[in-house]
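Input: a single structure, listed below in structure tokens.
The values are calculated or read from the model by the stated rules, or taken from the named source; none is laboratory data. The structure displayed is predicted, hence computed values, not measured ones. So basically every Cβ, Gly included, is an ideal-geometry build from the backbone, and we count neighbours across all protein chains shown.
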Amino acid sequence: MDKVYKHQEVEKKWYSFWEKKGYFTPKINPSKKPFTIILPPPNANADLHLGHAMYVIEDIMIRYHRMLGSSTLWLPGTDHAGFETQYVFEKHLTKEGKSRFDYNREELYKMIWDFVQNNRGNMENQLRRLGFSLDWTKQVFTLDEKVIKIVYKTFKKLHNDGLLYRSKRLVNYCTKCGTGFSDLEVKYVERIDPLYYLKYGPFILATTRPETKFGDTAVAVHPSDKRYKKYVGKEFEVKGLLGDFKLSVIADEAVDPKFGTGVVKVTPAHDVTDFEMGLRHKLPMKQVIGYNGRLTDLTGPYHGMKVMAARIKVAEDLKAKGLIDHINEKYTHNVGTCYKCGNVIEPLPLPQWYVRVKPLTDPAIKAIREKSIVFTPKRFEKTAIQWLSNFHDWNISRQIVWGIRIPAWQCIDCGIESDWIVTEGNTPSSCPKCKGKNLIQDPDTFDTWFSSGQWPFATLQVNSMKNYEYFYPTSVMETGYDILPWWVCRMIMLGLYVTNKVPFRRVVLHGLVRDSKGQKMSKSKGNVINPLIMADTYSADALRMALIFGSALGNDLPMSEDKIRAMRNFTNKLWNMARFIKMNSEFIGKNNAESITFSQSSSRSKLHPDNKNILDKTDELIKSVTSDFEKYNFSRAADLLYEFIWHELADKYIESSKERLHNNDKETLSVLIYVFIQSLTLLHPFMPFITEEIKTQIDPENKMPLIITLWPEA
RNA sequence: GGACUCGUAGCUCAGUUGGUAGAGCGUUGCGUUUACAUCGCAAAUGUCAGAGGUUCGAGCCCUCUCGAGUCCACCA
């Protein structure tokens, strides 16, 4: 054996050996239990970061179940990540002094496609580099034709079942990114802004947004507010910047009589609460802010001004006209911003496709309550139910090109109010009403999560219905808790809806990887740890172990190079234990290890007490580690193995056995080899490379690689 | 306003169904005599945030208080 463990060579060698031998590709065997995990697909355009390295938890489960003898599938894929990817791509365009508006739809799509393809191979090799035993023969991309077909089918089914509707409601619109979002993509941040108290006819009312004044179509009070009862239903004259106008007073429960003066201006086109009030009271909508973030031509002299500039100008002008009673300069409130670019989200009226979620969330909640889906750690069950109970109808339209285009058409001849024609992807030949041929497709694409919400069954179905029937429902969905609502909940909803089965039986959630001080890693802070550099420097095994060791599942975990180095030292320890054993084997000569069955505790009484002791402790170890695996306590299993191998086996047993080995004690050598190999077997899911290498070094006659060795029993 | 997490060694964190407190880094010694300088061995260090309760026994279970943080919610 080399004096030094050369992890780079060894890791490369073993990965290609495993892959070539087909160990990652399970056989469909009805007499065996399947164990399935679908890899949460990384964005196809990006490099691996440390968060992705947390896939190691999945690899640990996969390797464990493979060793238990299950037909074990870990299915890889990549995500086109619609908006995320287009956003990154547009940043590249900006650097070149271009924008998306310099290209037509097809050109832009093609450019992003090429951009993504250029990066795809990287990601796959990076996953290989970390030892992930993924079945590459089944790889799927969210934009594969077969996947798109399935997504279209689901869309059509929702349409047929009346769970889909198109509505011109207020959309969370980012005027900078040029697209609408679902509620989840809005990030609320606390801001301090002026709260203006405006004079409105006989009232004084408070608003943070005087620039939307031009869109007011009523004034509202609470129905039981005695102060204003006499005004309800009446119309009154208001002095405004564009001249006087009339507003009626409505009474609505949505008004909080304790806030401000208890009177609010109602702007149905620019505020969600107001929009709903508008619906209840049949108020007209006046859109005074455009999709470009500037005031519309309904605002006279303010037309073309950006929202913030207009707000300041309007406030000044109102003040000049004596229409401001007073201003609270330091009003604290929450403002919705774009989760991506940070721009303030404008609620704007825009026709979009909505999924009626209640019929989807109810069965999802039921499945969780009935434990058809179990959460680890338990506490996330509550979070998931809370989420599912609070979902509003889901806007799945996005005004971007990078994604799956919505298969819905309208007939130009019948006009814009005509019915939508929804298909399973094929372009309709003519309008079913007027037989006209002038059909136009909705330019929008699906929210990425609409397609990735179908991932568990879609990935298996595109591989063949046989695979789907055998491996679905999948066993575990393991991912970061941060995408529980976005992804996990949607998968449960859509999985149950489309397949009538849960998409997975268990959800395992891990925390976010932080730096050594518990801070979020980011390029701007300069505290980013690159997993591939760590793997090259200290070995993939050390990195894997460092991510698991001493961290509790579901909690954020701190990571530092120190910790990875510590685990590298553990590989060094393992390597030298192996060298010690090998040296003694050669010195003592071929031993009769095979003839002694140490796994039976009854035959141990005749052994040297130290030998009996370490064998008994090995049994305990096997039991504890196995039990921890069953309880998803991977960190504890890792702790136990580390502790046993280093401080029990190396420090105590090996040290005290040196004298006996010196006297050619074959029994001791056999026990040592046996215990070490058992330890390596248990350690293999965590540190697959070094365990595989050492095992072949010290036990060359046994050609069975650890990856398919049967899990030890005590 | 609601939900959740956390508070344990100098730092960052583990701690199973309650049974004498652990790891890594750091610190301090020692060590190249049959594995281990890519280090190894050994040692020191704790009012387990605070108060009360349950218990033979509490870091762990219950209640409250204080402190840190995360997520959610259409407060103009």
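Figures for the structure shown
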| item | result |
| --- | --- |
| Scope region A:534-585; condition of a type in the set (S, T, N, Q) and under 27 Å from A:Ile673 (Cα atoms); matching residues | A:Ser539, A:Asn569, A:Thr571, A:Asn572, A:Asn576, A:Asn584, A:Ser585 |
| Residue match in region A:421-443 (condition: closer than 19 Å to A:Lys168 by Cβ and in a loop (DSSP other than H, G, I, E, B)) | yes |
| Residue in region A:400-410 that is more than 18 Å from the chain's Cα centre (by Cα), surrounded by 16 or more Cβ atoms within 10 Å (Cβ to Cβ) and of a type in the set (Gly, Ala, Ser) present | yes |
| Subset of region A:357-399 that is closer than 17 Å to A:Leu494 by Cβ and small (Gly, Ala, Ser) - its residue that is nearest to the chain's Cα centre (by Cα) | A:Ala384 |
| Criterion (more than 30 Å from A:Lys13 (Cβ to Cβ) and in contact with a Leu (Cβ under 8 Å, 6 or more places away or on another chain)) met by exactly one of A:Asn663, A:Asn633 | A:Asn633 |
| Exclusive hit being among the basic types (Lys, Arg), over 20 Å from A:Ser605 (Cα atoms) and away from RNA strand B (no atom under 11 Å from the Cβ), set A:Lys652, A:Lys695, A:Lys666, A:Lys658 | A:Lys695 |
| Residue under evaluation A:Thr537, criteria (1) over 30 Å from A:Tyr642 (Cβ atoms); (2) free of Cβ contacts under 8 Å to residues at least 40 places away in the same chain, criterion not met | (1) |
| Search result, residues across region A:529-560 that are away from RNA strand B (no atom under 11 Å from the Cβ), of a type in the set (D, E, K, R) and surrounded by fewer than 19 Cβ atoms within 10 Å (Cβ to Cβ) | A:Asp536 |
| Wholly enclosed strands (runs of 3 or more DSSP E) of region A:203-247 bearing at least 1 residues under 19 Å from A:Ala269 (Cα atoms) and of a type outside the set (Asp, Glu) | A:203-207, A:218-221 |
| Enumerated helices (runs of 4 or more DSSP H) restricted to region A:501-592, each holding at least 1 residues that are in contact with a Gly (Cβ under 6 Å, 6 or more places away or on another chain) | A:540-548 |
| Counted residues, region A:158-183 - those being within 14 Å of A:Val357 (Cα to Cα) and not in a strand (DSSP E or B) | 7 |
| Those helices (runs of 4 or more DSSP H) lying entirely in region A:1-116 with at least 1 residues over 30 Å from A:Val625 (Cβ atoms) | A:82-95 |
| Candidates A:Ile62, A:Ile57, filtered to the one that is out of contact with any helix residue (DSSP H, G or I) (no Cβ under 9 Å at 6 or more places or on another chain) and modelled with pLDDT of 95 or more | A:Ile62 |
| Any helices (runs of 4 or more DSSP H) falling wholly within region A:610-714 and containing at least 2 residues that are touching a residue at least 60 places away in the same chain (Cβ under 8 Å) and crowded, with 22+ Cβ neighbours inside 10 Å | A:634-643, A:666-683, A:688-698 |
| Candidate set from region A:561-580 (those that are within 23 Å of A:Asn527 (Cβ to Cβ) and more than 7 Å from RNA strand B (Cβ to nearest atom)); member that is surrounded by the fewest Cβ atoms within 10 Å (Cβ to Cβ) | A:Glu561 |
| Residue, nearest to the chain's Cα centre (by Cα), within region A:259-276, restricted to residues that are assigned to a loop (DSSP other than H, G, I, E, B) and within 7 Å of RNA strand B (Cβ to nearest atom) | A:Asp271 |
| Filter result for A:Leu279 (part of a helix (DSSP H, G or I), hydrophobic (A, V, I, L, M, F, W, C), within 46 Å of the chain's Cα centre (by Cα) and farther than 22 Å from A:Cys338 by Cα) | yes |
| Filtered residues of region A:381-420 (kept if within 15 Å of RNA strand B (Cβ to nearest atom), under 20 Å from A:Trp449 (Cα atoms) and in contact with a strand residue (DSSP E or B) (Cβ under 7 Å, 6 or more places away or on another chain)) | A:Ala384, A:Asp393, A:Trp394, A:Asn395 |
| Among residues of region A:241-258, those that are more than 15 Å from RNA strand B (Cβ to nearest atom), surrounded by fewer than 17 Cβ atoms within 10 Å (Cβ to Cβ) and without any contact (Cβ under 8 Å) to a residue 40 or more places away in the chain, counted | 4 |
| Condition check for A:Tyr200: aromatic (Phe, Trp, Tyr), within 16 Å of RNA strand B (Cβ to nearest atom) and either within 21 Å of the chain's Cα centre (by Cα) or within 25 Å of A:Gln454 (Cα to Cα) (or both) | no |
| Where a residue in region A:79-107 is more than 28 Å from A:Glu124 (Cα to Cα) and its partner, wherever it lies, is of a type in the set (Asp, Glu) and buried (at least 18 other Cβ atoms within 10 Å of the Cβ), with Cβ under 8 Å and at least six apart | A:Ser99/A:Glu90; A:Arg100/A:Glu90 |
| Any hit, region A:291-300, residues being crowded, with 17+ Cβ neighbours inside 10 Å and within 14 Å of RNA strand B (Cβ to nearest atom) | no |
| Qualifying position, being among the aliphatic types (A, V, I, L, M), modelled with pLDDT of 90 or more and buried (at least 18 other Cβ atoms within 10 Å of the Cβ), among A:Ala309, A:Ala315 | A:Ala315 |
| Matching residues, region A:350-376, being in contact (Cβ under 8 Å) with a residue 40 or more places away in the chain and farther than 13 Å from A:Asp393 by Cα | A:Leu350, A:Pro351, A:Pro363, A:Ala364, A:Ala367, A:Ile368, A:Ser372, A:Ile373, A:Val374, A:Phe375, A:Thr376 |
| Number of the exception - A:Tyr470 against (1) touching a residue at least 60 places away in the same chain (Cβ under 8 Å); (2) surrounded by fewer than 22 Cβ atoms within 10 Å (Cβ to Cβ); (3) in a helix (DSSP H, G or I); (4) touching a helix residue (DSSP H, G or I) at 6+ places or on another chain (Cβ under 7 Å) | (4) |
| Condition check for A:Glu329: of a type in the set (D, E, K, R) and under 38 Å from the mean Cα position of the chain (by Cα) | no |
| Among (1) in contact (Cβ under 8 Å) with a residue 60 or more places away in the chain; (2) more than 27 Å from A:Ser224 (Cα to Cα); (3) within 15 Å of RNA strand B (Cβ to nearest atom) - the single one A:Val344 does not satisfy | (1) |
| Of all residues in region A:65-80 being touching a helix residue (DSSP H, G or I) at 6+ places or on another chain (Cβ under 7 Å) and hydroxyl-bearing (Ser, Thr, Tyr), the one that is surrounded by the fewest Cβ atoms within 10 Å (Cβ to Cβ) | A:Thr78 |
